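Enquirer: One structure, as structure tokens, below. Some questions next.
Every number in this text was worked out from the coordinates using simple rules, so none of it is lab data. Please read these numbers as outputs of a predicted model, since none were measured by experiment. Note that we place each Cβ from the backbone using ideal geometry, even for glycine, and neighbour counts take in every protein chain shown.
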Amino acid sequence: MLKTDFLGMKLDNPLIVAAGPWHRDGEGLKASIKAGAGAVVTESIISDTLLDVRPHIASDGQGAQNIRLYSNIQIEGWEREMRIAKSAGGVVIASISGHTPSELAYLASKLEKFGADAIELSVSNPMSEGLEVMASHAETIYEMTRAIVESVNIPVIVKLSQNTTNISKVAKAARSAGCSCVSAINTVRGILQIDLENARPTLSSYGGISGEYIRPLGLASVATILQTVDVPVSGIGGISTGRHALEYIMLGASTIQVGTAVMVGGRPVIGNILKEMESWMKDHKIKSPDEIRGKALKNLKSFDEMKHEPAVSTVTGVACREDCEKCVTCCIYDAVVRDGGTVRVDRNRCMGCGLCTFLCPENKLSLGW
Ligand SMILES: Cc1cc2nc3c(=O)[nH]c(=O)nc-3n(C[C@H](O)[C@H](O)[C@H](O)COP(=O)(O)O)c2cc1C
Ligand code: SF4
Ligand code: SF4
């Protein structure tokens, strides 16, 4: 039911476990394939030696901040790791990062020889100022992508950052350089928390925020790219349930990638997401992700295209829970009044902002013209 053709690769399902330290070696990649992932992406491989700072990952259960940089294993060591990863029979995408086109071309061609099914170029890193600047620089991304595309015969994916003023411009540059796909988004520069007692940020530097907090940013980036550039997109950011995965697919994502949810909840999360996707699809008589891909994108308008007719909340005298005051409290226009056991909207005051319709736990309010 979930089988997906992605850039010419046959995946059992569209769930790819994203780049990160859970894929620091062949065993980690193999474990995700065995847990049911449609494909896996290695932690980003570089040509320098890496020095880790400690601690480098913080989480509050909802999201995470990391200042982990890249794989600790040198490029030559990846020959062995790729062999181990590929022994499980799945699709393995090699993530690379670097500063120059020639360095990236070298890494990509080595990894193709080691058995990678595709390359993913990671162009951003929210803790390093240099790479963050590069993530917005369309010309540099064009040159890097071009160098990789010319050095390999496997699909090249370019993983974009949301920390850029114009993600479409960067996606266009990557596509015109010949990439097969873009993936979005990488982590977003941020600070997770401040420890008030010790007057310290949770981690001692800016880091990449991931998980729940970035899903709306990921969804918007995927939609923006798909509305402006003719390129397949792998959607990433804050996916931890089947519903989240389907949201990205409905916006048009060809595949989706999961990182933090697997890091925090372990590999059983993979099977749970797939089960939830299948169950929603069965309930809605959907036989393949292709049937819903992009359906929601058609309903996404630009602000200028939106209707300006007056709409008002249509709740009138509905019987209500005694213990709920949500609509009364949230209506900043003071249009909702409780009348004993019922609530009523004063149509002369209602500005049709819509907030009460989202917050009512019983779905009793709806907007109408
Ligand atoms: C601890 C950690 C390390 C990561 N390392 C990499 C990496 O090496 N290369 C990369 O492209 N993305 C890396 N990412 C970003 C993830 O692949 C993913 O794009 C991001 O976390 C958003 O997805 P999520 O909300 O599902 O985690 C890392 C994320 C985390 C949390
Ligand atoms: S739509 Fe907005 S203005 Fe109207 S009743 Fe609801 S919260 Fe108040
Ligand atoms: S939010 Fe919904 S359930 Fe709560 S009082 Fe208003 S209409 Fe009733």
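Enquirer: Multiplying the sequence separation of Glu322 and Asn272 by 0.36 nm and subtracting their Cα-Cα distance, what value in nm do you get?
Expert: Full extension from Glu322 to Asn272 adds 14.4 nm.
Enquirer: Amide H to amide H under 5 Å from Cys360: which residues, 5+ apart in sequence or cross-chain, H placed 1.01 Å off N in plane?
Expert: none
Enquirer: Here's a follow-up. State the antiparallel share, in %, of DSSP beta bridges confined to the chain, rounding to the nearest 5.
Expert: Values: 24 of 50 bridges.
Of all bridge pairs located within the chain, approximately 50 percent are antiparallel.
Enquirer: What is the distance, in nm, between label points placed 7 Å from the Cα along the Cα-to-Cβ direction at Thr329 and at Lys113?
Expert: 6.4
Enquirer: Label Glu291 and Arg338 with points 7 Å out from Cα along Cα→Cβ: what is the distance between them in nm?
Expert: So the two model labels end up 4.4 nm from each other.
Enquirer: Near Ile236, within a Cβ-to-Cβ distance under 12 Å, what is the net charge of the other residues, with Lys and Arg +1 and Asp and Glu -1? All intermediate terms of the calculation are to be shown ahead of the outcome.
Expert: Values: positive: Lys159, Arg215; negative: Glu120.
Its environment carries a net charge of +1.
Enquirer: Under a straight-distance cross-link criterion of Cα-Cα below 23 Å, which lysines are reachable from Lys364, leaving out those fewer than 8 residues away in the same chain?
Expert: Lys364 reaches Lys326.
Enquirer: On average over all directions, what projected area in square nanometres does region 4-299 have, based on the convex hull of its Cα atoms?
Expert: Directional mean of the projected Cα hull area for region 4-299 stands at 14.5 nm².
Enquirer: Can you tell me, using C-alpha contacts under 8 Å and at least 6 residues apart, the relative contact order of the chain as a whole percent?
Expert: 13
Enquirer: Sticking with this structure for a sec: Identify all aspartates and glutamates with a Cα-Cα distance to Lys172 below 12 Å; exclude those on the same chain that are fewer than 8 residues away in sequence.
Expert: Glu139, Asp230
Enquirer: Can you tell me the dipole magnitude for the chain around its Cα centre, using point charges on the Cβ only (Lys, Arg +1; Asp, Glu -1), in Debye to the nearest 20? Could you put the intermediate results ahead of the total?
Expert: Numbers: 38 positive and 40 negative charges, 166 e Å.
The dipole of the chain has a size of about 800 debye.
Enquirer: I've got another one for you. Pairs of Cα atoms under 8 Å, at least six residues apart: use those to get the relative contact order of region 307-368, whole percent. Intermediate results must be reported in sequence, preceding the final value.
Expert: Working: 101 pairs, mean separation 26.6, N = 62.
Value for region 307-368: 43 percent.
Enquirer: Okay, helix-only estimate at 222 nm for the chain: each DSSP H run of n ≥ 4 adds -39500 (n - 2.57), divide by all residues, round to 500 deg cm²/dmol; what do you get?
Expert: Calculated mean residue ellipticity at 222 nm is -9000 deg cm²/dmol.
Enquirer: Sticking with this one: Could you grab the relative contact order for region 221-369? Cα pairs under 8 Å, six or more apart, rounded to a whole percent.
Expert: Values: 204 pairs, mean separation 27.2, N = 149.
With pairs under 8 Å counted, the relative contact order is 18 percent.
Enquirer: A follow-up question, please. Go through Ala135, Gln62, Ser205 and say which Cα lies farthest out towards the positive end of the charge dipole of the chain; charges sit on Cβ, +1 for Lys and Arg, -1 for Asp and Glu.
Expert: Towards the positive end, the residue furthest out is Gln62.
Enquirer: Select from Ala199, Ala253, Ala37 the residue whose mean-square fluctuation is largest in a Gaussian network model of the chain (Cα-Cα springs shorter than 10 Å).
Expert: Greatest mean-square fluctuation among the candidates belongs to Ala199.
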